[in-house]
Amino acid sequence: MKPSPVRNRITGAALLAGIAGQPVAHSLSPVIHNAWLAAGDIDGVYAPFAPKDADGFEALIAAGRAGLILGLNVTAPFKEQAFALADEASEAAQATRSANILVFENGHVRADSSDGVGVLYALAEQAPDLGLKGAEVVMLGAGGAARAGAGALIDAGARIRILNRTRDRAEALAADLGPAVGVADADALVSADLVINALSVQPSIDLSVLKPGAVVMDMTYKPVTTPFLAAARARGLSTVDGLAMLIGQAAPSFEALFRRPPPSLDLRALLMAHLGEGA
């Protein structure tokens, strides 16, 4: 069903969606979605929202229930809270108890997760020779992005080991995701086929122990070549950047939020120009 043409009283545009996180000013999602809106001549705005805390995020959801917002992308630290506040959830969101998409309609909140889609898209684009079935994956971090990424990789046949500074959070995530997921220590890096940084900070691990065919991915995209990826490339390892993941999860987000597919754009060129980085 097409959204109501009634103009949003916050922005003056007919359609309003956005991204919620803390912090959120770094996000490139507004660049992507507003470019799509402009390219499709769609009377809408995609705005950043920065709730101070969990109470502020809940108030934002109330605004969505009231019909002020079509939907939200959700980033750290609200992905698990987004799932908890929804009235219904997709299989992808249920599998990881985490959501990066909330859609509001007639006071109802539906949760979904496209983070896993983004991970698989990025790996297929930048590490096409990596077979995921039976692959040993070490996931650095145990937050919402790690949950969603692990869920998609499990579905692809990979085995996941969570390496996190706080072991009890890694154990909790492993328990939630089932027998294909366990807790890792640094020794697990030796046999890893894929190492993914799902932390908001740069990890401190010894990349020299990775085998020559290992792939290293960083979910962070500012800068596109993070110090973690630069160190992996210096070792001659294949790398996958967070920008590819962002692009991969953006299209299903746009379609969910604005109820239509996005127009065709070269998003990577657009974002690299925005960041002032070479292709």
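Observations, loosely collected:
- Which of 32, 63, 46, positive extreme of dipole for the stretch 1-157 (C-beta unit charges): 63
- Averaging Cα coordinates gives a centre for the stretch 13-50 and one for the stretch 189-242; these two points are 29 Å apart.
- Residue 217 long-range amide H proximity, modeled H, under 5 Å: 195, 196, 197, 240
- Ranking 259, 167 from most to least accessible surface, computed with a 1.4 Å probe over the protein chains only, gives 167, 259.
- Unit Cα scatterers, Debye sum, the stretch 117-162: log10 I(q)/I(0) for q = 0.21, 0.25 Å⁻¹: -0.66, -0.93
- 241, 55, reordered so the largest accessible area comes first (probe 1.4 Å): 55, 241
- Taken over the stretch 171-279, the ratio of Cα radius of gyration to 2.2 N^0.38 Å equals 1.27.
- Geometric descriptor of the chain, per residue, is 124 Å³ (volume of the convex hull of the Cα atoms).
- Residue with peak Gaussian network fluctuation, the chain [Cα springs, cutoff 10 Å], from 224, 119, 137: 224
- Lysine pair count for the chain [Cα-Cα under 27 Å; pairs on different chains or 8 or more apart]: 6
- Size of the stretch 4-113 from its Cα atoms: along the principal axes, largest to smallest, the extents are 36, 31, 26 Å.
- Residue 26 accessible area, 1.4 Å probe, all protein chains in place, Å² to nearest 10: 80 Å²
- Cβ-placed point charges (K, R +1; D, E -1), dipole of the stretch 52-152 about Cα centre in debye, nearest 20: 60 debye
- Within the stretch 91-193, the proportion of C-alpha pairs whose separation exceeds 23 Å stands at 27%.
- Comparing 181, 195, 24 in a Gaussian network model of the chain, where Cα atoms under 10 Å apart are tied by springs, the biggest mean-square fluctuation is seen for 24.
- Kirkwood Rh in Å, taken over all unlike Cα pairs in the stretch 215-279: 13.0 Å
- Considering only 143, 134, 242, the mean-square fluctuation computed in a Gaussian network model of the chain, springs between alpha carbons under 10 angstrom, is largest for 134.
- Computed with a 1.4 Å probe over protein heavy atoms only, the accessible area of residue 136 comes to about 50 Å².
- Set against the 2.2 N^0.38 Å expectation for a compact globular protein, the stretch 145-209 has a Cα radius of gyration ratio of 1.05.
- In Å², nearest 10: area of residue 139 left accessible to a 1.4 Å probe: 0 Å²
- Distance in nm between pseudo-label sites at residue 274 and residue 34 (7 Å out along the Cβ direction from Cα): 0.9 nm
- Karplus-derived 3J(HN,Hα) values for the stretch 127-137, using 6.51 cos²θ - 1.76 cosθ + 1.60 with θ = phi - 60°, are 9, x, 7, 7, x, 8, 5, x, 5, 8, 10 Hz; glycine and proline are entered as x.
- Here the average projected area of the convex hull drawn through the C-alpha atoms of the stretch 174-223 stands at 4.4 nm².
- Computed over the stretch 86-137, the convex hull of the alpha-carbon atoms projects to a mean area of 4.4 nm².
The values are calculated or read from the model by the stated rules, or taken from the named source; none is laboratory data. Remember, it's a predicted structure, so these values are computed and weren't measured experimentally. Neighbour counts are summed over all protein chains in view; Cβ atoms, including those assigned to glycine, are modelled from backbone coordinates with ideal geometry. For accessibility, only protein heavy atoms count, side chains too; no ligands or nucleic acids. Shrake-Rupley method; radii C 1.70, N 1.55, O 1.52, S 1.80 Å.
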